[in-house]
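*Asks:* Please read through the structure below; I'll follow up with questions.
The values are calculated or read from the model by the stated rules, or taken from the named source; none is laboratory data. Owing to the predicted nature of the structure, the values given are computational and were not obtained by experimental measurement. Neighbour counts are summed over all protein chains in view; Cβ atoms, including those assigned to glycine, are modelled from backbone coordinates with ideal geometry.
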Amino acid sequence: MLGVLPAVTKEGEMDFLLKRLVNKALKTLCVCRVSSEREKRVYLTFDDGPEPGITEFVLQQLQLYNFRATFFCCGARAEEYPELMEQLRAGGHVVANHSYSHIHSYRVETATYVQDVERAARCMQTSLFRPPWGGLTWDAWRTLRTKQRIVMWSLGSDDSSSTEDFDGARALRHLIEGTSKGEIVLFHFSLQHAPNTKAVLPGYLKWLSENGWTAGVLTPELR
Ligand SMILES: [Zn+2]
């Protein structure tokens, strides 16, 4: 049967579809995996924190295997929890930018979005940036790309699904099957997704360690 395109009844829906298409194309211009990686190494990344109650858990898990990771933090939370930011840095992890207030590029003017991202970049002293939800308009990308190294991901843990839909064993299988050199792996470190993260992270780190994988941190120079 031939596919039928959904009827676009409102201008807003068309605009949204176009933004999604542009976003898909833009992702190919951002860092999605470390393609230069030759070792058995993946790049663990955590978004949305820091928040108490989950940051400590993630840090303890990483420490068990001596893994380092890149934490894409929200500027507002970084300012609220300086002691957690200190713990991240003290553990040798990399602090990166996930915007100041976790706003979506589609929903605000480009100037507002760029200001929010640059505010977070200043407060966390980093040029590594991951857009919230991986969403980026053409104008935002064009404006930000000269100063920020924009990083997406290549392998998702699915830990941001609703808790009812999340299956830890299935998520772990997906991660294991998807692991290859240079993958940038997405997790979260927010209270909202904590039950899911706690259900999948320990098993994955254990598997990585038992199978001879190491974990690297992202830097603006990585390709
Ligand atoms: Zn996010």
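*Asks:* Output the qualifying pairs, or none if there are none: Cβ atoms under 7 angstrom, residues six or more apart or on different chains, first residue in the range 114-137 and of a type in the set (Phe, Trp, Tyr), second residue assigned to a helix (DSSP H, G or I).
*Replies:* Correct list of pairs: Phe129/Val117; Phe129/Ala121; Phe129/Leu144.
*Asks:* Here is a further query. Among the residues in the range 106-122, are any modelled with pLDDT under 95, touching a helix residue (DSSP H, G or I) at 6+ places or on another chain (Cβ under 6 Å) and either within 16 Å of the ligand (Cβ to nearest atom) or assigned to a loop (DSSP other than H, G, I, E, B) (or both)?
*Replies:* Yes, the range 106-122 has at least one match.
*Asks:* Inspect the range 63-74 for any residue being part of a loop (DSSP other than H, G, I, E, B), closer than 17 Å to Met124 by Cα and within 14 Å of the ligand (Cβ to nearest atom) and give the result as yes or no.
*Replies:* yes
*Asks:* Restricting to the range 123-138, what's the tally of residues that are assigned to a helix (DSSP H, G or I) and out of contact with any Asp or Glu (no Cβ under 9 Å at 6 or more places or on another chain)?
*Replies:* Qualifying residue count, the range 123-138: 4.
*Asks:* OK, next. Out of the range 166-223, which residues are part of a helix (DSSP H, G or I), small (Gly, Ala, Ser) and surrounded by fewer than 19 Cβ atoms within 10 Å (Cβ to Cβ)?
*Replies:* Selection gives Ala169, Gly178, Ala199, Gly203, Ser209.
*Asks:* While we're here: Residues being within 16 Å of the ligand (Cβ to nearest atom), of a type outside the set (Asp, Glu) and not in a loop (DSSP other than H, G, I, E, B): count how many of those fall in the range 29-52.
*Replies:* Of the residues in the range 29-52, 3 are within 16 Å of the ligand (Cβ to nearest atom), of a type outside the set (Asp, Glu) and not in a loop (DSSP other than H, G, I, E, B).
*Asks:* Among what's in the range 90-101 and is assigned to a loop (DSSP other than H, G, I, E, B) and crowded, with 18+ Cβ neighbours inside 10 Å, pick the residue that is farthest from the ligand (Cβ to nearest atom).
*Replies:* The selected residue is His93.
*Asks:* Kindly indicate whether Trp141 is among the aromatic types (Phe, Trp, Tyr), under 19 Å from Val31 (Cα atoms) and buried (at least 22 other Cβ atoms within 10 Å of the Cβ).
*Replies:* It is false that Trp141 is among the aromatic types (Phe, Trp, Tyr), under 19 Å from Val31 (Cα atoms) and buried (at least 22 other Cβ atoms within 10 Å of the Cβ).
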